[in-house]
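The values are calculated or read from the model by the stated rules, or taken from the named source; none is laboratory data. Predicted model, so just to flag it, every value in this text is computed and none were measured. Neighbour counts run over all protein chains shown; Cβ positions are idealised from the backbone, glycine included. The protein model used for the area step is the full one, side chains on, heavy atoms only, and it has no ligands, DNA or RNA in it. Shrake-Rupley method; radii C 1.70, N 1.55, O 1.52, S 1.80 Å.
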Amino acid sequence: MGSSGQQVSWKLADHPTLPKGKTLALIVLDGWGEYKPDEYNCIHVAQTPTMDSLKQGAPEKWRLIRAHGKAVGLPTEDDMGNSEVGHNALGAGRIFAQGAKLVDIALASGKIYEGEGFKYISECFEKGTLHLIGLLSDGGVHSRLDQLQLLLKGASERGAKRIRVHILTDGRDVLDGSSVGFVETLESDLAKLRENGVDARIASGGGRMYVTMDRYENDWDVVKRGWDAQVRGEAPHKFANAVEAVKKLRENANDQYLPPFVIVDENEKAVGPIEDGDAVVTFNFRADRMVMLAKALEHQDFDKFDRVKVPKIRYAGMLQYDGELKLPGHYLVSPPEIDRTSGEYLVHNGVRTFACSETVKFGHVTFFWNGNRSGYFNPEMEEYVEIPSDVGITFNVKPKMKALEIGEKARDAILSRKFDQVRVNIPNGDMVGHTGDIQATVVACKAADEAVKMIIDAIEQVGGIYVVTADHGNAEDMVKRNKSGQPLYDKSGKLQILTSHTCQPVPIAIGGPGLAAGVRFRNDVPDGGLANVAATVMNLHGYVAPNDYEPTLIEVVNN
Ligand SMILES: O=C(O)[C@@H](CO)OP(=O)(O)O
Ligand SMILES: [Mn+2]
Ligand SMILES: [Mn+2]
C-alpha cells in the first residue's frame, strides 16, 4: 500500500535496451555547484582532476542540472538549495512542495490554526505559556523569520497570553553577524505584542551548531545544552536582554557557535523555563536538526542525556519530522507526502543497495533519500553504513573529514559484488564551506575529488557504471556578491564571506565501462533538475521509471 492508501504496483517495466545487473555507483557531492572560476570558487582553486576529467565528457556525459528554487519544491527561485530538498528530489524523482512552501500556504490561508496540532497546543493558552523554539533567520533552509512572526501574531490573536521564544542563531544559511539584526527585529515584534497585553519575551538562545540543532545523533551534548537553557532555565551566560546577549557572546564566537544563554529578570531568575502545563512548538520546518530535540521532548523513556526536569507539556512540531517514527505525534502542518521513492521501487525490483556517509550526512543518503523515512525498506536487500563523524570540532580543522573512509567503504561494497547500487554522500564541500574558511574548503574539495576517484576506480574494475552529482552549491562560491558578480565588502572593508549554500546549478556526470554504447544526455530537457536523476538511475539499472516521475536525462542512440 502507498501512504495514501492506494495499492502500488511496484514492478517496474524493463528498459527497452539498457541491461540489468551492472553495479552502479551513485555519488552525491554535498555542496558542489558550478560557478565561474575565480579565487573564491574553492572547487576551481582546488586540484580536482577527477571531476575535471568528467567535465570533459560534456555535453554527452556531463551536464548541469538545477538544484534550487522551484526545481526542488521551494517557494521561490531566490531560495537556495539544501540537503533535505535536494536529496528528497534525487531519491523521489518528483518535485514535492516542501515544508517551507507548505507552511507559507498554511499560514496565508489560516488553515494552520484549524488543524489538530494547533488545537492541541492552544488548549494550554489559558493557563500555560507557549514556547517557540527554532532557528532565527530568513535563511529558508530550516525555518523563516516571517513565518515565526506570523505564528506569533496568529497565536496571540487566538489566546496565547504568555509567549517565550527560544532562539537559535544562524550564521550558516545567512551571513555571520546577521543574528543581531534578527534578534532586534524579533524584540521589536515582541514589544508590540506586550503593548497589546501579551507577555511575550525571548527566554533563551544559543548558536545552532552548539545548541540544540545537532543531527543524526552525532553529539547529544548539543541538544542537552539547549535543553538546560530552554527547559530548565540554566545556562552559563545570563543576560537581561537578548540583543545584548548576542552582541556580547559574539565577541568570542560566531553566530553558529554562540554558547547557550538565558534571559533573566531583576532577581537573576530565568524568565522562561518550560513548565508543567505549557505548550511547546518547534518552528523549524526542516526535519534533520529537529528530530533529536523532538525525541527529548516527546519520548517518555528518553535516555540520551539526563533531562533532570521533564515537564508535562503539549508539544507540536511545525511539521511531523519523521514519517516512519511519527515524530512528533502532533504538528501544525502536514509534511509533504513523499511516497514511492526510487529506493523503494528498486528494492522491490531486486536491486540490492548499499548506502554510506559519515554521521553528519548519513541521513541524507538514507532518511532524506527515502522521503524522510527512517529505516530500511527491506533489510535483506539493503545495507546502510554510517562512519562516525568527528565530534566537537568545526570541520575547517579537519577538512578531509571522512571522505577517504567513505570512498573505501564504497569501494569495498562495489568490489564485493554484493550490491547493484552503491550510494554515497561526500560531505566535504558543504561542511567545510559552511565554516567560511576558504583555504580549508580548498583542501576539502581536493579530498572529495580523491574519494570520487576511489569509487570510480572500483567501478572500472567491476565493469560498472557511475553517476556523480551534487545536492546543491556551496564550495563553488564563498563570497557575497553584487548583482554583477563582484565580491562585496562590509563597512569596515572586510570581504563578506558566504557560509551558505548557493543558487548555482550542479554537475551530473555518467560513465564507466558498464555504460551501454550510445547512452548520452538528451538535449530536450534543458531545465532538468535533481528530480530528473531518479528516472535516469532507474534506466541505468535496466528499468523504466514510473510515469509520474520527472523525465530521464538520458537517451540511447544507435551509433
Ligand atoms: O547544515 C545544515 O543544516 C544545512 C544548512 O543549514 O546544510 P545541508 O542542507 O547541506 O545539510
Ligand atoms: Mn547538502
Ligand atoms: Mn549544507
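Quick look at the numbers
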| read-out | value |
| --- | --- |
| Taking N as its residue count, the alpha carbon Rg of the chain over 2.2 N^0.38 Å | 0.96 |
| Radius 13 Å from Cβ of CYS124, net charge of other residues (Lys, Arg +1; Asp, Glu -1) | +3 |
| Note, ³J(HN,Hα) from phi for region 382-392, Karplus 6.51, -1.76, 1.60, rounded to Hz, x at Gly and Pro | 10, 9, 10, 10, 10, 9, x, 7, 5, 10, x |
| Cα Rg, Dmax, region 260-379, angstrom units | 18.0, 66 |
| Angle in degrees between helix 99-109 and the longest Cα principal axis of the chain, rounded to the nearest 10 | 50 degrees |
| Surface share of carbon and sulfur [accessible, 1.4 angstrom probe, percent] for region 332-404 | 49 percent |
| 9 Å beta-carbon shell around HIS44, net charge (K/R +1, D/E -1) | -2 |
| Proportion of all alpha-carbon pairs of region 100-317 beyond 28 Å (%) | 20 percent |
| Region 443-531 - Kirkwood radius from inverse mean 1/r over Cα pairs (Å) | 16.2 Å |
| Equivalent-ellipsoid semi-axes of region 482-559, from the Cα gyration tensor, Å, largest first | 39, 14, 12 |
| 3J(HN,Hα) from dihedral phi, region 284-294, Karplus parametrisation 6.51/-1.76/1.60, rounded to Hz, x for glycine, proline | 5, 8, 6, 7, 3, 8, 10, 4, 5, 5, 4 |
| Exposure of LYS20 as accessible area (Å², to 10), given a probe of 1.4 Å and all protein chains | 90 Å² |
| Solvent-accessible area of ASP265 with every protein chain in place, 1.4 Å probe, in Å² to the nearest 10 | 50 Å² |
| Residue-wise HN-Hα coupling along region 130-139, computed from phi with Karplus coefficients 6.51, -1.76, 1.60 (Hz; x: Gly, Pro) | 9, 9, 10, 10, x, 7, 9, 6, 9, x |
| Whole-percent carbon and sulfur share, accessible surface of region 100-317, 1.4 Å | 46 percent |
| Dipole magnitude (debye, nearest 20) for region 85-187, charges at Cβ of Lys, Arg, Asp, Glu | 340 debye |
| Alpha carbon Rg of region 1-131, scaled by the compact-globule rule 2.2 N^0.38 Å | 1.57 |
| Dmax and Rg, reported as Rg then Dmax, of region 396-435 (C-alpha, Å) | 12.4, 38 |
| Highest to lowest packing among 552-558, 506-512, 444-450, scored as the average C-beta count within 10 Å | 444-450, 506-512, 552-558 |
| When each of LYS36/LYS61; LYS402/LYS480; LYS36/LYS491; LYS224/LYS295; LYS295/LYS409; LYS161/LYS269 is checked by Cα-Cα distance, pairs over 22 Å | LYS402/LYS480; LYS36/LYS491; LYS295/LYS409 |
| Nonlocal amide H pairs with LEU24, under 5 Å, H built at 1.01 Å | GLN421, VAL422, ILE465 |
| The chain: calculated mean residue ellipticity at 222 nm from DSSP helix runs of at least 4, using -39500 (n - 2.57) | -8500 deg cm²/dmol |
| For TYR315, distant residues with modelled amide H under 5 Å away | VAL280 |
| Quarter of Cα convex hull surface for region 114-154, i.e. mean projection, nm² | 3.3 nm² |
| Three-way shape call for region 231-309 based on the alpha-carbon gyration tensor, with the a/c threshold at 1.5 | oblate |
| Alpha-carbon gyration tensor eigenvalues x 5, square-rooted, for region 276-322, Å | 18, 14, 7 |
| Listed peptides 355-367, 149-161, 126-138 by packing density, highest first (mean Cβ within 10 Å) | 355-367, 126-138, 149-161 |
| Largest-first principal axis extents, alpha carbons of region 338-486, Å | 50, 35, 34 |
| Using distinct alpha-carbon pairs, which all enter the 1/r mean, Kirkwood radius of region 399-557 in Å | 17.6 Å |
| Between helix 83-92 and the chain: long-axis angle, C-alpha atoms, 0 to 90°, nearest 10 | 40 degrees |
